[in-house]
Amino acid sequence: MADEHKQAEKMRDDVPSTIARSDDKAVRTYKKTLESAEETYGDGERAHRTAFAALKHTHEKVGDHWEPKDHNGPSDPQAARGGDDARKGRNETAGGVDANASKQHLLEVAKKVGVPGRSRMSKDELVEAIQKANNRETAKARANEEK
């Protein structure tokens, strides 16, 4: 366990800031998938999309970081697609929000990130509101990092 933590700490500087602020497993999942994807696809957007897709199977974005999901699997229809199918038919993503989670879970996440009026929202509205709240928190965290 200590070795895995040391490994993740070494990787934190080489991952997007939202992942660097997340748990060790998120860091390792993203970085190891990215390295593998870069061997296959080269350094570029495709490798990063592949790494984010892997992360979305085990984690969800909550505010300015990623948290482990209580189940593994795709977070939205785009994350469920793979290979050429995913590249050709660009579906909207939920930006790391686990759109496949229960409404109850989404209500809990919405509360955590401070979404007002959440109790009156549909599941789709919750996903969108959480995504917007996450984007605000990420922007705020990145602005603080630059100071």
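The values are calculated or read from the model by the stated rules, or taken from the named source; none is laboratory data. In this text the structure is predicted, and so the values were computed from the model without any measurement. With ideal geometry, Cβ positions are generated from the backbone for all residues, glycine too; neighbour counts draw on all protein chains shown.
I'd like to verify a number: residues in the stretch 44-78 that are out of contact with any helix residue (DSSP H, G or I) (no Cβ under 7 Å at 6 or more places or on another chain), closer than 17 Å to Val15 by Cβ and not in a helix (DSSP H, G or I), how many?
Count: 3.
Quick check on the stretch 109-122: of everything there that is loosely packed, with under 14 Cβ neighbours inside 10 Å and outside any loop (DSSP other than H, G, I, E, B), which residue is nearest to the chain's Cα centre (by Cα)?
Filtering the stretch 109-122 for residues that are loosely packed, with under 14 Cβ neighbours inside 10 Å and outside any loop (DSSP other than H, G, I, E, B), the one nearest to the chain's Cα centre (by Cα) comes out as Lys112.
Is the stretch 4-17 home to any residue that is assigned to a helix (DSSP H, G or I) and under 20 Å from Asn100 (Cβ atoms)?
Within the stretch 4-17, not a single residue is assigned to a helix (DSSP H, G or I) and under 20 Å from Asn100 (Cβ atoms).
Do the conditions hold for Ala143, that is, is it of a type in the set (Gly, Ala, Ser) and either modelled with pLDDT under 95 or closer than 21 Å to Ala51 by Cβ (or both)? Don't jump to the end; show me each part of the working.
On the way: of a type in the set (Gly, Ala, Ser): yes; either modelled with pLDDT under 95 or closer than 21 Å to Ala51 by Cβ (or both): yes.
For Ala143, the condition - of a type in the set (Gly, Ala, Ser) and either modelled with pLDDT under 95 or closer than 21 Å to Ala51 by Cβ (or both) - is met.
Taking the options Ala51, Ala47, name whichever one is of a type in the set (A, V, I, L, M) and either crowded, with 20+ Cβ neighbours inside 10 Å or under 10 Å from the mean Cα position of the chain (by Cα) (or both). Outline the logic, then answer.
Details: Ala47 fails: either crowded, with 20+ Cβ neighbours inside 10 Å or under 10 Å from the mean Cα position of the chain (by Cα) (or both).
Every option except Ala51 fails the conditions.
Among the numbered criteria (1) among the hydroxyl-bearing types (Ser, Thr, Tyr); (2) touching a Phe, Trp or Tyr at 6+ places or on another chain (Cβ under 9 Å); (3) at pLDDT below 95, which single criterion is violated by Ser75?
(2)
Considering only residues that are surrounded by fewer than 20 Cβ atoms within 10 Å (Cβ to Cβ) and touching a residue at least 60 places away in the same chain (Cβ under 8 Å), which ones fall in the stretch 1-44?
Answer for the stretch 1-44, where residues must be surrounded by fewer than 20 Cβ atoms within 10 Å (Cβ to Cβ) and touching a residue at least 60 places away in the same chain (Cβ under 8 Å): Ser17, Arg21.
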